[in-house]
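The block underneath contains the structure these notes are about, expressed in structure tokens.
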Amino acid sequence: MTRLRTEDIRDIRRTLRTYDKQLLKITGGTLQDIACRAVGINPGKVRPSQDQCLVAVIPVTWGRGIIKGFAQAVEGIASHLGFPSFVTKETDVLGLGEAFERKASVILLSDDRSFLAICPRRGRVIENSDATGRGFATALTMMKKGLRGEAVLVVGTGHVGRSAAVALVGMGAHVSVYDVDQTSSRKLAKRIKKILKREVTIEEDLDDSLRRHRIYFDASPSPGFIHSKHITTDTFIAAPGIPLGISPEGQNKIKDRLLHDPLQIGVATMLMDALYGSKEKILP
Ligand code: 2YC
């Protein structure tokens with residue numbers, strides 16, 4: 001999990017409305033539509049004010065410490081989705097006490113290892129990487145108006161890549177996976193065969209697999225490995241988080257056929273899943 005920097009998230013609150021319009025343009029759905037669809041709920045069911053959905057975000061100082069603006073960015077996403085929300089005045093354990101005193105329905109907090117949305121009354125705990133994989137896979141299928149029978153290359157089989165691969169197989173895509181650590185790719189393929197009874201192709205050469213695919217899911221922690229030569233007029237890319245795996249020239253070429261943000265789709269999916277979701281997590 002690559003640690004975000006303040007410069008990655010400082011504009012999130014201010015640009016959410018514009019980002020939502022961009023999502024509507026390229027996927028046909030808003031941030032709320034994508035998150036609801038990723039979680040399998042009808043957006044009409046989401047009524048933040050009537051449902052007493054108070055969202056608390058707790059800054060956490062443990063480990064490498066607070067990322068300036070992180071909690072505020074997360075709170076801004078909750079507020080943009082219509083949820084009453086606040087950042088606790090206190091950090092860490094006292095922040096948890098504050099969230100409970102104010103009867104928050106869902107609590108979001110992140111240390112250096114995990115970023116969780118916790119809904120005590122529903123007993124749901126949603127992890128950011130899992131939600132991000134599902135959220136971006138859903139946005140990708142919306143951008144492509146369905147992925148059934150389409151070949152999709154997932155680069156990186158860490159938490160986000162694993163979650164995305166499971167979601168994409170569930171959408172009927174023919175998924176291939178590449179990871180520098182082939183054992184990880186093999187483990188994922190084995191897991192998907194066991195739980196979904198579906199085959200996943202293991203790619204051994206990144207450049208060759210990029211040339212043979214038109215739909216990429218970039219779940220890699222490496223920057224700029226997708227170059228202009230890999231991108232054609234029918235290339236579509238979902239690239240959650242930081243760094244972006246596409247070179248600057250590639251970014252100019254891909255234009256609107258790119259889904260990329262540092263937090264928005266993942267946090268929106270976490271919130272909808274914690275508050276309204278019912279599906280049991282498939283542990284890829
Ligand atoms: O400000 C705070 O509360 C910090 N403890 C937050 C640390 C977040 C560390 N994780 C990341 O930077 C991100 C995750 C949000 C998803 C991937 N990397």
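Structure notes:
- Between 169, 155, the distinction of being away from the ligand (no atom under 16 Å from the Cβ), β-branched (Val, Ile, Thr), open to solvent by less than 60 Å² (accessible area, probe 1.4 Å) and within 27 Å of residue 70 (Cβ to Cβ) belongs to 155 only.
- Residue match in the range 250-271 (condition: part of a strand (DSSP E or B) and either of a type in the set (A, V, I, L, M, F, W, C) or at pLDDT 95 or above (or both)): yes
- Scanning the range 27-58 for residues that are open to solvent by less than 20 Å² (accessible area, probe 1.4 Å) and either part of a helix (DSSP H, G or I) or within 16 Å of the ligand (Cβ to nearest atom) (or both) returns 27, 31, 34, 35, 36, 38, 39, 55, 56, 57, 58.
- Flag if residue 169 is closer than 25 Å to residue 272 by Cα and either within 19 Å of the chain's Cα centre (by Cα) or not basic (Lys, Arg) (or both): yes
- 1 or more residues in the same structural domain as residue 214 (by TED's automatic domain parsing): qualifying helices (runs of 4 or more DSSP H) within the range 60-165: 128-143
- The residues of the range 66-119 that are open to solvent by 60 Å² or more (accessible area, probe 1.4 Å) and within 11 Å of the ligand (Cβ to nearest atom), listed by number, are 66, 68, 72, 112, 113.
- Tallying residues that are assigned to a helix (DSSP H, G or I) and either out of contact with any Pro (no Cβ under 9 Å at 6 or more places or on another chain) or of a type in the set (S, T, N, Q) (or both) within the range 1-26 yields 16.
- For the range 183-204, residues that are touching a helix residue (DSSP H, G or I) at 6+ places or on another chain (Cβ under 6 Å) and either open to solvent by 60 Å² or more (accessible area, probe 1.4 Å) or under 18 Å from residue 155 (Cβ atoms) (or both) total 6.
- Inter-residue pairs, beta-carbon under 8 Å, first over 19 Å from residue 255 (Cβ atoms) and more than 10 Å from the ligand (Cβ to nearest atom) and in the range 1-23, second open to solvent by 70 Å² or more (accessible area, probe 1.4 Å) and not in a loop (DSSP other than H, G, I, E, B), 6+ apart: 13/72
The values are calculated or read from the model by the stated rules, or taken from the named source; none is laboratory data. For clarity, every value in this text was computed on a predicted model and none was experimentally measured. Don't worry about glycine lacking a Cβ; one is built from the backbone with ideal geometry, like all the others, and counts go over all protein chains shown. Each accessible area value is taken on the protein alone, full model and side chains, heavy atoms only, with ligands, DNA and RNA left out. Shrake-Rupley method; radii C 1.70, N 1.55, O 1.52, S 1.80 Å.
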